[in-house]
Amino acid sequence: MPNSQCEHAQFPIIMMSSFTIKNEVPWPPERRMGIQRKFSEVLMFEGSVNRRRSSWVTDPKLASNIKQLLLRNPGWSEKAWLHYFLEILRDESQPDSERDRARQHLVAYYQESTFWVARSVWIHWINSPQQSESLPSWEWDDLFDRGLSPLQEVQEASKLLQNFDPDIAAKQYLKKIQYRNLKHWLEKKRRQDLPIAPFTSEEAAGLLEPTEFSDRELSVRRDYQDRAYSVLSGEMKRIEAAADPHRDSANIWTLSLLNYGLELKQPNTAALLGENQIQINQATVSRKLTDLRIKLMLKVLAEFLEEAQENLELDKKTLEERQNIESDRQFVAWAKKQQSEVVDFLKEYCIGYLSSAAIDLVEQQPAKEYDSESRQSLLKKCLDSWLQRNLLISILGNLPPKIQKKINAWVEKWAVQVRKKKGGQRKSFQF
């Protein structure tokens, strides 16, 4: 049974972070399909059963307008519509209402890319020395809104996008501007708690100086990385929803959380399940996890079929019919790289999921001073409580030394992320 310190804790609200500590970054939004949706929907962030999600909400006025425009020009491409709205926005002879409507369509279109830029900046902040011991005075919604600030005013947006050409880079131009804007804003917020101010053309001029972007700025996720992450996280959510430990106690969701989330690796995953009266050998664990990686890799391949053809310079017929493609050296190298990135994703996703779940349970306990040892003990008990409730597995008791060592190392690693309430402000535990 769950330990008394955690057995009455409410089921946690899990927040996603690439650095696997609790924060308010929602799960990525699902990709929008179709021109009408892309130019008329905006993101809303809300809590659900066990985590904060990104949901698409339709703006009725934008939906009505783009629907009428599509009837007039049904064959126009996505980039053609970007050009259309940019031209109206930049044209000072157009009525203010038309320019503002064009701006709103652009705001809707750039919702996804803004999410990824804000997420990248948040992760960098979490992992930086400036984080210090306190959580930010701003929230995810503040950061996301600030990311959209270059598009919030007609005149400023017109100046900022004056030289923007979607044919050259439909999203990267604006994403780099947003990235610098957000980092500049965070730096000001770090120095003093300044209110969110509109993004000005003067700031934009400073951000658009003709200098090379730094390596860190260029590390902002490219469109294909964003798409891959959305595809993979969507598939993992479907796997989680389908998992039922009462029907299959060694389902792929359980195996993923133990192997990647607890970092046990395959032999210890099989051994821990055996200690919990779930009989499965290492070979079966290996086969199931291999099948999962292949499944996820194929999902990515399907998403990027055209890009794969272009980058690998494969004959279209060969690619479509899969004739001898497995012997193509370029394809083999590309596939290995994709599989490696899938493994990295699984580690990030599962560690983030499990550590957030356990840390949330700890933070729901009454505020109390803990030394390092007792803090780790409480985290381990809460982790066990969550595993028992959701996977029907316990990590307490007389486990083999190798498993105990792995679990204790995991607990020690993530105990530093446990936070407490003090004077109305949550702060990190310091050692």
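The values are calculated or read from the model by the stated rules, or taken from the named source; none is laboratory data. Quick caveat, the model's predicted, so the values are computed rather than measured. Don't worry about glycine lacking a Cβ; one is built from the backbone with ideal geometry, like all the others, and counts go over all protein chains shown. Ligands, DNA and RNA are stripped out before the accessible areas are found, and what is left, the full protein with its side chains, is counted by its heavy atoms. Shrake-Rupley method; radii C 1.70, N 1.55, O 1.52, S 1.80 Å.
Quick rundown of the values:
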| item | result |
| --- | --- |
| Subset of region 395-426 [assigned to a loop (DSSP other than H, G, I, E, B) and either under 17 Å from PRO267 (Cα atoms) or modelled with pLDDT of 95 or more (or both)] | ILE395, LEU399, PRO400 |
| Filter result (of a type in the set (Asp, Glu) and in a loop (DSSP other than H, G, I, E, B)) within region 70-102 | ASP91, GLU92 |
| Any pair with Cβ under 8 angstrom, 6 or more apart, that starts in region 59-80 at a residue that is within 9 Å of ILE35 (Cβ to Cβ) and ends at one that is open to solvent by 90 Å² or more (accessible area, probe 1.4 Å) and not aliphatic (A, V, I, L, M) | LEU70/TRP76 |
| Meets criteria (at pLDDT below 80, surrounded by 15 or more Cβ atoms within 10 Å (Cβ to Cβ) and closer than 30 Å to ALA250 by Cα) for GLN376 | no |
| Counted residues, region 120-145 - those being among the hydrophobic types (A, V, I, L, M, F, W, C), modelled with pLDDT under 70 and assigned to a helix (DSSP H, G or I) | 1 |
| Qualifying residues in region 177-201 (those that are open to solvent by 50 Å² or more (accessible area, probe 1.4 Å) and among the basic types (Lys, Arg)) - the one modelled with the lowest pLDDT | ARG191 |
| Search result, residues across region 45-69 that are small (Gly, Ala, Ser), part of a strand (DSSP E or B) and either in contact with a Pro (Cβ under 6 Å, 6 or more places away or on another chain) or modelled with pLDDT of 95 or more (or both) | SER54 |
| Residue in region 298-320 that is within 21 Å of the chain's Cα centre (by Cα), at pLDDT below 95, surrounded by fewer than 19 Cβ atoms within 10 Å (Cβ to Cβ) and basic (Lys, Arg) present | yes |
| Subset of region 1-44 [part of a loop (DSSP other than H, G, I, E, B) and at pLDDT 60 or above] | GLU24, PRO26, TRP27, PRO28, PRO29, GLU30, ARG31, ARG32, MET33, GLY34, PHE39, SER40 |
| Residue satisfying condition, being more than 27 Å from ASP244 (Cα to Cα), at pLDDT below 85 and crowded, with 17+ Cβ neighbours inside 10 Å, within set ILE359, ILE325 | ILE325 |
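So that you can scan it fast, the table gives a plain yes or no per residue for (1) outside any helix (DSSP H, G or I); (2) at pLDDT 90 or above:
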| site | (1), (2) |
| --- | --- |
| ASP244 | yes, yes |
| ALA250 | yes, yes |
| TRP253 | no, yes |
| TYR260 | no, yes |
| GLN277 | yes, yes |
| LYS295 | no, no |
